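Take a look at the structure set out below.
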Number of protein chains: 2
Amino acid sequence: MLDTLDLDLSLDKNTYESQIETLMRQVRSLQKACWDKKLPMIVVLEGWAAAGKGALVKKMVNYMDPRGFTVHPIWPPNEEEQQYPFLWRFWRRLPVKGSIGIFYHSWYTHVLEDRLFARIEESKIPCVMAEINAFERQLVDDGNAIAKFWIHLSRKELKHRLKEYAKDPLDSWRVRPEDWKQEKHYGKYVDYAEEMLVQTSTGSAPWTLVEGNCQRWAQVKVLTQFAATLTEALDRLHIRTPILPPTPFQEHLNPAEPDLLAQVDLNLALSKDEYKKQLREAQVELLKLQMKIHKHQVPVLVLFEGWDAAGKGGAIKRLTDVLDPRSYAVHPFAAPTDEEKAHHYLWRFWRWLPTAGTIGIDDRSWYGRVLVERVEGFATELEWRRAYQEINEFESQLTNAGYVLVKFWLHISPEEQYQRFISRQNDPFKQYKLTAEDWRNRDNWAFYEVAVNQAIQRTNTPNAPWTIVAANDKYYARVKVIQTVTEAIRTKLKRR
Amino acid sequence: MLDTLDLDLSLDKNTYESQIETLMRQVRSLQKACWDKKLPMIVVLEGWAAAGKGALVKKMVNYMDPRGFTVHPIWPPNEEEQQYPFLWRFWRRLPVKGSIGIFYHSWYTHVLEDRLFARIEESKIPCVMAEINAFERQLVDDGNAIAKFWIHLSRKELKHRLKEYAKDPLDSWRVRPEDWKQEKHYGKYVDYAEEMLVQTSTGSAPWTLVEGNCQRWAQVKVLTQFAATLTEALDRLHIRTPILPPTPFQEHLNPAEPDLLAQVDLNLALSKDEYKKQLREAQVELLKLQMKIHKHQVPVLVLFEGWDAAGKGGAIKRLTDVLDPRSYAVHPFAAPTDEEKAHHYLWRFWRWLPTAGTIGIDDRSWYGRVLVERVEGFATELEWRRAYQEINEFESQLTNAGYVLVKFWLHISPEEQYQRFISRQNDPFKQYKLTAEDWRNRDNWAFYEVAVNQAIQRTNTPNAPWTIVAANDKYYARVKVIQTVTEAIRTKLKRR
């Protein structure tokens, strides 16, 4: 594939200058349009060391307004970044809507340099490729334009440039020892690159191969493609938002769908004595396991969904009661902030992932996309339907990275909810917990039932299974929650 | 000081339980008030290892709504955190308005553990104490309530507890080798602690010394003081916002104040040939220095302030033109996001500090507080007057941490600005740069002149001096900017 590139392609200075001038003007007005239309754009620059990526970035941003772009130089991950799934540090750097993120090296180093230097196991490569494809597709679906460039050099040209760089005192610092290894292992690196290009050249985010021996040629080619991608994405905006009648809400499950909530035995209960005894046992067990996950640096993520007043807060309290406060963090997710709104809906959950050895507890979660956002119409039908896949991908990225993931739906009957609302209303300490929204959600019970059932069914995967907890009895529910968490951790530790 | 504490103070179980119950209810309703009033609160827990801080945090948060607090366990700084001034990682963790940040260890480890283990130079201790005091005062002035606790143990009790912990399989992991060193160097540690307590017990953020040998006593004392601090801060809210007539704007400098802007020779200019030559020379020099700051891991921060259309963008472009795109980042600061608004106004600038070896370029900066916020009335008179000191403190924290700090005011005449506005209006590519706000700012020229003069005069410090650049001639200004930056870097490198 790469060997069929015609690396002799070149441009003379005059042609280059006239073309680049036109391109720069185009880039400038496209950036403006991108900003006005709130379109986020991602540029990925990969290729050989000394391929001219730096000069290219300089050209690219030369006519741009600095308020609208950020250059992200990607170095090997630091200590903190290594504790998360490898895509974490890229999620953090994604451009907000309307701006352009230029990645000078990117997530692809994980299947290139890391592979060359055996910093990643060979067996993990296919999985990483799939994660990258999912990542990019999610972004494109969310409206991002992505342009990816592989700047190719012949071995001879690579060697020549490294030598030239090393000679020049102004450039020598830029040549790292690793760069010489690219030259030494040129063949192997080409193989890795080709595999990567084939696996990750998708319909939504194709690679552009760039003949890099002539810098002028390379710059014109990259800028032309950059402008084309951006233009196309801007054009697509008009197609993207067809005015359709609002999604009709489903009040009943489809006949073939199981009603998982209806199957829950809401009579399950514990006496106060049983509760005290079992709670204590489960908590002690959890405390022991906490010590082990700390020792083995296993990250644990427990998420809570459930009806309003189903007892999420109380369950979280009992779960964390015995834990060392340094070993866990509770993240309640309410309405997103405006920074969060300017990103993909999964962005804020990536932001608050627990680090290795600790327990993250999410009070509400990304399931909002297929629950409240679906029912309230904040997400379009296309968006929430797509979300099941996105969520499964996200969760498998977590479990692939070694996370224990526990998901709870706390289930109560509508009658029980009504009782609890009323008692909240009468308790001065709890009044603030009850809002008009809670009553409105209650009116939408039937819609939520459908949404919850479908969400659980579509995202109940072997590595990230749901636990529906019968929560009419708080004692039973609290014990069940802790037992489920300890069971999941135990299983994980055994499998290590 | 610590030796006069009566460590025999204790509480029996019954008294404890009745008192703690009352306290917990109080904490619960105070947290609610804190949330409603958007009051941020900071709790600092310091003291000996095994002093019961963990159990205390658990008690403290036991009745709280998890949406309103975060526990921050503080470990030694990681790789990334070490690249910044030591307060950076704490700024990042400050509570948003309305919530409670509980620091389980804190910035004080820098003058305790780091000192015990010689991770900080003795000569730096006084400076760090001063930085901590400034940090806390800034937060209190901004409306934060701060409660700081030193939980004290006798040497005998410390030894006893460490032994007990080490025996218990559920607790042993919590005893670090460092903790035993506290016992070994008890006397020295007491000296360090006393010095710290004396130096940092300020009017705005006093320490509470807690007799820790009896855990029950300690918990009741801490919770009582915590509730008292929070109550007092809530009470102060009523005093804090007296309804005063709006600050009258100053249209003229006070007679004794120098008019720094009027002294600028706006006729300074370069011919096109001189410009090309000097620009090239300065850029090459900058490129060489960039290599050196990369090598020596020196962080550089260049900030641009100036009249609208003074040519900040163009100057930044020439400054970055020759630089490797991985070596710098431009941060344009416009209106703050809602997350930023929920913090101290300096918070967002801490967020985007350049790392070691790179150049950060701020297009607009924290000077907004004493310029636009002052003139537009977004900051109260008390706030912007206080800001000069806050800014000087912030900047000296940067330069103490090894930053090169370069500050520019790009100065043009009102006539020149008018010409540029008109030409922007006529250029389709530049129209978007000109807004109604620019015209309004122009109407406020006289007010800004006063604000700029006063800001420059009050914040022109030896380590962070201002450079007022005559910018009627763009050529002259651009060259001057680069030359000033290179000069500052050269001076810093010589002084190393």
So for the protein assembly as shown, taking the charge dipole from beta-carbon charges (+1 Lys/Arg, -1 Asp/Glu), which of B:H343, B:I359, A:I293 sits furthest toward the positive end?
-> A:I293
Rounded to the nearest Å, what's the spacing between the alpha carbon centres of segment B:425-496 and segment A:96-127? Just the number, please.
-> 40 Å
Amide H contacts of B:A145 (H built 1.01 Å from N, under 5 Å, at least 5 apart or other chain) | B:M41, B:I42
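Only Cα pairs under 8 Å and at least 6 apart count here; give the relative contact order of segment A:1-99 as a rounded whole percent.
43 percent
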Along segment B:201-216, what does the Karplus equation 6.51 cos²θ - 1.76 cosθ + 1.60 (θ = phi - 60°) give for ³J(HN,Hα), rounded to whole Hz, x for Gly and Pro?
-> 8, 9, x, 7, 9, x, 7, 10, 8, 10, 6, x, 4, 9, 5, 5
Expected-Rg normalisation [2.2 N^0.38 Å, Cα atoms] applied to chain B = 1.14
How big is the charge dipole of chain B about its Cα centre, in debye rounded to the nearest 20, if each Lys and Arg gets +1 on its Cβ and each Asp and Glu gets -1 on its Cβ?
-> 1280 debye
Sorted from shortest, what are the nm distances separating the label point of B:G314 from equivalent points in the other copies, each placed 7 Å from Cα along Cα to C-beta?
-> 6.9
Equivalent ellipsoid semi-axes, segment B:2-240, via Cα gyration tensor eigenvalues times 5, rooted, Å | 26, 24, 16
Roughly how tilted is helix A:445-458, in degrees to the nearest 10 and between 0 and 90, from the longest Cα axis of chain A?
-> 60 degrees
Folded to 0 to 90 degrees: helix B:186-200 orientation relative to chain B principal axis, Cα | 50 degrees
Calculate the spin-label point distance for A:K288 paired with B:E122, positioning each point 7 Å from the Cα along the beta-carbon direction, and give it in nanometres.
-> 5.0 nm
Of A:K288/B:K13; B:K13/B:K184; B:K148/B:K184, pairs whose Cα-Cα distance is over 30 Å | B:K13/B:K184
Relative contact order (%) - criterion: Cα under 8 Å, at least six apart; region: chain B = 19 percent
Inverse mean reciprocal Cα-Cα distance (Kirkwood Rh) of segment B:228-331, Å | 19.4 Å
In nm, one decimal, shortest first: how far is the label point of A:N426 (7 Å from Cα along Cα to beta carbon) from the matching points in the other copies?
-> 7.8
Projecting the Cα atoms of A:L266, A:L2, A:A477 onto the charge dipole of the protein assembly as shown, where Lys and Arg contribute +1 and Asp and Glu -1 at Cβ, the residue farthest towards the positive end is A:L2
Alpha-carbon centroid distance for the pair segment B:4-62 / segment A:341-368, whole angstrom = 29 Å
So, in nm and shortest first, the distances from B:K184 to its counterparts in the other copies, with label points 7 Å along Cα→Cβ, work out as 4.2
Pull up all non-local amide H partners of A:W466: gap of 5 or more, or a different chain, and H-to-H distance under 5 Å with H placed in the peptide plane.
-> A:T461
Distance in nm between pseudo-label sites at B:A269 and A:F249 (7 Å out along the Cβ direction from Cα) | 7.0 nm
Pairing the Cα long axis of helix A:414-426 with the longest principal axis of chain A, what angle in degrees results, from 0 to 90 and rounded to the nearest 10?
-> 80 degrees
Spatial extent of segment B:272-495: Rg and Dmax, with the Cα atoms as the point set, Å = 17.4, 50
Taking only the alpha-carbon positions of the protein assembly as shown and ignoring solvent, what does the Debye formula give for the base-10 log of I(q)/I(0) at q = 0.04, 0.07, 0.10 Å⁻¹?
-> -0.22, -0.70, -1.43
Looking at segment A:280-405 from every direction and averaging, what is the projected area of its Cα convex hull in nm²?
-> 8.4 nm²
For B:E281, A:E21, B:E122, B:E340, what's the fewest-to-most ordering of other Cβ within 10 Å of each Cβ?
-> B:E122, A:E21, B:E281, B:E340
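Fewest first, what order do B:M1, B:M24 take by the number of other Cβ atoms within 10 Å?
Details: B:M1 12, B:M24 16.
Ordered by Cβ neighbours within 10 Å, fewest first: B:M1, B:M24.
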Where does segment A:1-67 land on the Kirkwood hydrodynamic radius, alpha-carbon pairs, in angstrom?
-> 14.3 Å
Might you report the magnitude of the Cβ-based charge dipole of the protein assembly as shown about its Cα centre, with Lys and Arg at +1 and Asp and Glu at -1, to the nearest 20 debye?
-> 1520 debye
Positive-end residue of A:G203, A:P325, A:F117, charge dipole of chain A with Cβ unit charges | A:P325
Using the alpha-carbon centroid of each, what span in Å lies between segment A:132-175 and segment B:257-334?
-> 28 Å
Among the listed pairs A:K38/B:K433; A:K492/B:K58; A:K159/B:K295, which are separated by more than 19 Å between their Cα atoms?
-> A:K492/B:K58; A:K159/B:K295
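Read-outs throughout are calculated quantities, based only on the coordinates presented, and are distinct from any laboratory measurement. In this text, all values refer to a predicted model and were calculated from it rather than measured experimentally. Cβ coordinates were reconstructed from backbone atoms using ideal geometry, including for glycine residues, and neighbour counts include every protein chain displayed.
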